[in-house]
Amino acid sequence: MQPTPAPTTPPQSPPPDESPFPPAPQNSRGPSPPFGALVGLFERLQNERKQDKRKKLLNAWFNHWRSEVGDDLFPVLRLILPQKDRDRAIYGLKEKNLAKIYIKLIPLNKNHDDAKRLTDWKKPQNNKASSAGDFPGILWDVVHKRSSVVEGTLNIQELNDLLDELSNSMGKQDAQMKILQRVYNRTTAEEQRWIIRVILKDMIISVKETTVFSVFHPDAQDLYNACSDLKKVAWTLYDLNHRLNADDKTVRLFQAFTPMLCKRPTKTLEHTVKEMGGTEFLIEEKLDGERMQIHKRGNEYFYCSRKGKDYTYLYGKHRGTGSLTRHLNDALDDRVDSIILDGEMLVWDPVSERNLPFGTLKTAALDRSKKENNPRPCFKIFDMLYLNGQSLLEKSTTFRKKNMRACLKEIQGRVEFATEYKGKTSKDVKSRMEDVMAARGEGLVIKHPRSKYVLNGRNSDWIKVKPEYMEGMGETVDVLVVAGNYGTGSRAGGVSTLICAVRDDRRADDEDGADRYSTFVRIGTGLSFADYAWIRSKPWKVRDSKNPPEWLQTSKKSQEDKGDMYLEPDDSFILKIKAAEIVPSEQYHLGYTMRFPRALIIRDDLDASDTLTASELLESIRSEKKRKMEDTTGVAKKKRKAVTKKIEVLPTFQGPKLKDVNILTDIFEGLTFVVMTDKRTKDTEKNELVKIIHENGGKRAQIAANHGSQDLIVVYKGREDSIPRDVQVVMEKGVYDVVKPEWIIDSVTLGHRVPSKSKYFIDASKSGVETDGYKADEPVQDDQDEDMPEGDESSSTVVRAETEARSQTAATEIKEEYEQDEKHADWFHLDTTDTQNLEIGKESDSETEDDSDNADVAGEDIADDNIDDWDKLYADDLPSAPLPMDEDIDVDQNNVPMGEDDGAMEYDPDVIFKHLCFYLDSPQNAARQGMAVKPKYEQEINQSFDVLRDVIISHGGRIVNWDDPKLTHILIDKRDTSRRLELMKRTSTPKHRRLIVSDYIQACVDEATLLNEEGEYFVP
C-alpha cells in the first residue's frame, strides 16, 4: 500500500481538537433589533417576485446589521435558515403539539371553531382566511382576533434565547407551554406566525439557502459544502474582505460535508459514453440505500447522512460498539489512523442473501440481539476522500479507489466495496445493465477515471444510468408532485388526486433563476392510506386562479392540470409512477401524458432537484420511437441501390441569391444568423434582411443548431403576440438569443454592433442575459451611449452615470414602498455607496456545480439602493363577501356575457361562487312571475331557499331574476320540479343556463370547490 505514510504511533483516542471555530465576532455597535424588523424582511421576501430585488433586500438588511449591531450575523442566519442550524436541537414540536399548546394558552374551548381549525389544520376550509394546509397561517388568523399586543417587544437575541430554551425542554409540554406563553404575551400575531415557521423549519420566503449564502459572503456556499455548519460559516466569513483558500474548502475530520452527486444523462447512452472522452471508464452498480459518510480518527467514529444528520448513535461511536463500527474497525488496515469514506448504507438479509427495503435500515441498526441470521446494516463503500491527514479531493477517482481497496478488507454482509467494472463502449454498459436488471438492481453509475471529487458537485464526471434511460422512459418515471385536487367520499377532507410535473429545462432561466415545472400526469391510484396521511401533512397551498404560482406551467387548453391546491417544490416530494405508455395530450403543459398511470412508491430519499427534466423525457420518447424502428436483431437489412437525385431546397427555406451581393463591412463577422418570420411577413422583407446581414459580414443558416450560443443569433421578424411554433421551439430550448430586426438595422446605421440591450430581445438565452449590455438596459435611461465608439473614455463616464442613476432610482422606489411605515425607518436607512459585498460577490470562485448559488450574484448590483424602513407589520385585509346587486338591470340582452364579471375567465377557488349569478325557483319567486305553485312543501321549500340565499352570497355569488342576462344557474328544489320546462323556455335565449337541484350548493360548500353540475345535480 502506498497511499500516504503510515502513522508512527498506533491508533488511539483522538486528542482534543483545535477549536473548529474562530473567535466569535462581536455585536458591540448597538442593541439587538426588534424581531418585528426581521418579520418585515420576511414579508418583503415572501411577496417580492423578482430575484434581484430579493437579493437587494437581503443585502441591505445584512449590511445595516453590520453597521448598527455588529459583525456576528449568526443570530439572524439561524432564523432565516432554521433547517441549516445544527447548534439548536430539535423542538419535538409539530403542528399537532403546537395546536394543543395554543388552545391551552389562549385559552380556547376544545369545541370552539377556532380550536377545531387548529387541530384540523389540514382540513380545507370555506374561506380565504383558513389557510388550508398552512398551520402558521391558521394560527395567525386565530391569534390576531384575540391578541392585545399591538407592538412586539421581543428582540432577535431574546427570541433566540427562548428558542434555545424551547429546544432544551423537548418532551416537556408544560415547560414548553410556559415558554410559548412568554412569546404570546410579547409578540404580535404576525410575529408569532413567523416564529412558528422557524420552529417548524418551514420558511416560505421565496429565497433558497444558496441565495442567502451568496449575498452573505461569496465563499459562504463553499464553506458550508465543506462543513455543513451554519455557525462556522457566520463566524469565519463575517469579514467581507476575508477570502478562503483551497485548504479551507476541503473536507475535514468529523465535519459533515455535502457529497458529490450524480448527473442525469441528458441524451442517449452513446452520448453519455462519448462524454468520457474515449477513455476506459468505471462502471459501478447504483445502490438503493442511504448515502452515508464515515469519519474515523483513532478509535472514534462519526457517521452522517447526505443532509448532514448525525447517525453515530445508530452505528457506534467507538471501536467495539454499535451495530457496524466494531466490524468496520476490524476491516480497516492497522496503519489507518484517520480516514473519511463515502458510500451507501444498506440492509443485508443473510437468510435470503439480498438487500432489504430502505425503510428497514433503522430497525436493523438498532437490533442489539446480535443474532447471526438477523438483518444487519451493510456499508457499501465506493470512495475515500481523506487518509492519514491528507485530503484526497484533488486526486483522481482511480487513485482514490486504488488506495481505498488497500486500506480495507471486505467483511461479507458488513463492509463491502461497491461492485465495480471497467468499460469503454455503450455495449459494455448494456451488458452490465442486464446483470443489474437480473438482480433487481436500480442501475449503474459511470465515472470518469480521472475525475476529482467536487463537494456538492453534479457534473458529467459522474453520470447515473438507469434501465429506463436505455429502454426509453415511457413506462417508469420519477416526477414531482406539484398540485392536487380535493377528494370526495372516502377521500374527503384533503388532497386526493395528485398532479405531477417534470422540471422544464427547455427554456432559458428567468431573472430570478428559479426552476419552472411543466405538468405531465395526474395520478390517483397506487397509494395506501398511510401514504395519503403523509402526503396531506405537507404544506399545501390553495391555488388562486388569478395569481397562480409562476413556477408551475399548466395547459392553456384544459382545466385538467390546474388543481385546487399546490405544493412549493422545496416542500414537495418525488413520486415514482409506472404506466402503459406515454402519449400526446393537450391537457398538460408538456404536451404528453401517461396512459393508465399508477403510483409505485414515494421517493422520500430524493428532493425537487432530482426531478425528471422535460428534455430527458422528450429525448426518451424520441429514443423509444427510434428503437422501435430499428432491427432488434442488430442485423442490417440489405438496402436497395437508389439513384441519387439532385437535392432541392424546399421553397420555405429558399432565400435570396447572395452570389452577386458584395460584402461591404465586417460588423457581423464571425456571427451566423437564422432569419425566421411569421406568415404575415412578406418574402421580400425577409430577403432584404438576409442581404443586409450578408453585406455586413454575417453568415446565414437555415436552422438554429450546431453552433455555439455566442456564434449564432436568431432574428425574428413578425408579430410578437402570435409567435410561430418553430420560433417558440427555439425559445424554449434557451440556447440561442432571439432578437428583433432593429438590432441589425441599428448596428448597420451606427457602423458597429450596438450593445445587446433588452429592448432588442424577443427572448434572451442564459448567456445573453448575463451580458453587460442586457443588464445595463433600463427603461428610465436614454440610449445616449449607443453612438459612442468602443473604448472611448467618455463611455465609462456614461456607464458610471447610468449606474448611479439606477441606484438612486432603485433607492427611491424602495423608499416610496416603505415611506408609510416609519416604525423602523432608522434601521433601513442604508448608504448607497456601500457596494463592497457586491464587488466581492463578483469574484466568487465557487467550485460547486448546480447546487451552488454563488454564481447567481455575479455581475448584479445588490447593494445599490436605499431602504428607509424596517417593514412595519400590517395584517392583510380579508376580502368581504360580495353583496347582492340591484336586480333591475338595463342592458342589451344579447350582448352581455353571463356571470358577474365580464372579464372573468376562470373561477375563484377561494370564493367558490364568485362570478356566478343564481335564480332561486322558490314558490315565492314563482308566484311573483305568474307561474304555478304546488301547495305541498311550499313553506319548507321557501325556508330552505332563504338559507341557500345566504350561503350563496357569503361565498361570493349573486341572486338575480330569471331574466337577468348575467344569469348562470337556476336552482330547483327536488320536491317541486313542475316549473322546469317553463324556466328552460324563459331562459333559453340568448344562452342556455344550467338547471341544477338545490343540493348542489351545499355539496360545493362541503367540498370547498365548484363541483361539476352534471350527474346527480343536473336537472334534465
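Coordinate-derived values only; no laboratory data. Just so we're clear, the structure is a prediction, and the values are computed from it rather than from any experiment. A quick note on method: Cβ atoms are made from the backbone with ideal geometry, for glycine too, and the neighbour counts reach across all protein chains shown.
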### Task
List every residue whose amide H lies under 5 Å from the amide H of Arg603, counting only residues 5 or more places away in sequence or on a different chain, with H placed 1.01 Å from N in the peptide plane.
Ile574, Leu575, Lys576
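Output needed for segment 261-360: three equivalent-ellipsoid semi-axes, defined as square roots of 5 times the C-alpha gyration tensor eigenvalues, in descending order, whole Å. Don't skip to the answer; put the middle values down first.
Numbers: eigenvalues 192, 66, 38 Å².
Gyration-tensor ellipsoid for segment 261-360: 31, 18, 14 Å.
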#### Entry: Cα-projected label distance for Glu394 with Asp570, points at 7 Å along beta-carbon direction, nm
3.4
### Summary
With R₀ set to 51 angstrom, the calculated FRET efficiency between the beta-carbons of Thr153 and Ser558, to the nearest 0.05, is 0.45
### Task
Could you go through segment 692-699 in sequence order and give the Karplus-derived ³J(HN,Hα) for each residue, using 6.51 cos²θ - 1.76 cosθ + 1.60 with θ = phi - 60°, rounded to whole Hz, and x for Gly and Pro?
4, 4, 5, 4, 10, x, x, 10
### Query
For Ser758 and Gln46, FRET efficiency with R0 = 25 Å and r from the beta-carbon atoms, rounded to 0.05?
0.40
#### Entry: Binned Cα-Cα distance frequencies in segment 82-202 - 5 Å width, integer %
2, 11, 22, 25, 22, 12, 5, 1, 0
### Query
With labels modelled as points extended 7 Å from the Cα through the Cβ direction, what inter-label distance (nm, one decimal) is found for His242 paired with Arg595?
6.3
#### Entry: Per-residue HN-Hα couplings for segment 398-403 [Karplus 6.51, -1.76, 1.60; θ = phi - 60°; Hz; x = Gly/Pro]
4, 4, 5, 5, 4, 6
#### Entry: Over segment 261-469, volume per residue of the alpha carbon convex hull, in Å³
114
### Task
Scan around Ile762 for amide H atoms under 5 Å from its own, H built in the peptide plane at 1.01 Å from N, and keep only partners 5 or more places away or cross-chain.
Val738, Val739, Lys740
### Gyration tensor (Cα) of segment 379-433, equivalent ellipsoid semi-axes in angstrom
24, 17, 7
### Message
Amide H of Arg700 versus every other amide H placed in the peptide plane: which residues, excluding those fewer than 5 positions away on the same chain, fall under 5 Å?
### Response
Phe673
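Given R₀ = 41 Å, what would the calculated FRET efficiency be for Lys546 paired with Lys985, taking r from the Cβ atoms and rounding to 0.05?
So the FRET efficiency works out to roughly 0.70.
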### Task
Report the charge-dipole magnitude of segment 917-1017 in Debye, nearest 20, computed about the Cα centre from +1 at each Lys and Arg Cβ and -1 at each Asp and Glu Cβ.
520
### Message
I'd like the distance between the alpha-carbon centres of segment 271-348 and segment 146-202, rounded to an integer number of Å.
### Response
40
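Going by how many other beta carbons lie within 10 Å of each one, how would you line up Ser709, Ser722, fewest first?
Values: Ser709 15, Ser722 9.
Ranking Ser709, Ser722 by Cβ neighbours within 10 Å, fewest first, gives Ser722, Ser709.
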#### Entry: Calculated from backbone phi, Karplus (6.51, -1.76, 1.60) coupling profile of segment 206-222 in Hz, x at Gly/Pro
6, 9, 7, 5, 5, 5, 4, 4, 5, 6, 5, 6, x, 9, 4, 5, 5
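Lys231: net charge of surrounding residues, Cβ under 11 Å, Lys/Arg +1, Asp/Glu -1, itself excluded?
Working: positive: Arg78, Lys84, Arg86, Arg88, Lys232; negative: Asp72, Asp85, Asp87, Asp229.
Local charge sum for Lys231: +1.
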### Query
When Ile692, Ile713 are ordered from fewest to most other Cβ atoms inside 10 Å of their Cβ, what list results?
Ile692, Ile713
### Task
Among Ile381, His295, Val351, pick out the residue whose Cα is farthest towards the positive end of the charge dipole of segment 261-469, where Lys and Arg carry +1 and Asp and Glu carry -1 on C-beta, about the Cα centre.
His295
### Message
Taking 0.36 nm per residue of sequence separation and subtracting the Cα-Cα distance, how much length would be gained by fully extending the chain between Asn662 and Gln26, in nm to one decimal?
### Response
221.9 nm
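Would you mind calculating the gained length between Asn942 and Glu688 on full extension (0.36 nm times residue separation, minus the Cα-Cα distance), in nm to one decimal? Walk me through the numbers on the way to the answer.
Values: separation 254, 0.36 × 254 = 91.44 nm, distance 7.49 nm.
Result: 84.0 nm gained on full extension.
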### Task
Once you have all Cα-Cα distances for segment 475-611, histogram them in 5 Å bins from zero and send the whole-percent values.
2, 10, 21, 25, 22, 13, 4, 1, 0
## Note on the structure
In nanometres, the difference between 0.36 nm per residue of separation and the alpha-carbon distance of Lys733 and Ala175 is 195.2 nm
### Query
Quick one: putting +1 on the C-beta of Lys and Arg, -1 on the C-beta of Asp and Glu, what dipole do you get for segment 475-611 around its Cα centre, in Debye to the nearest 20?
760
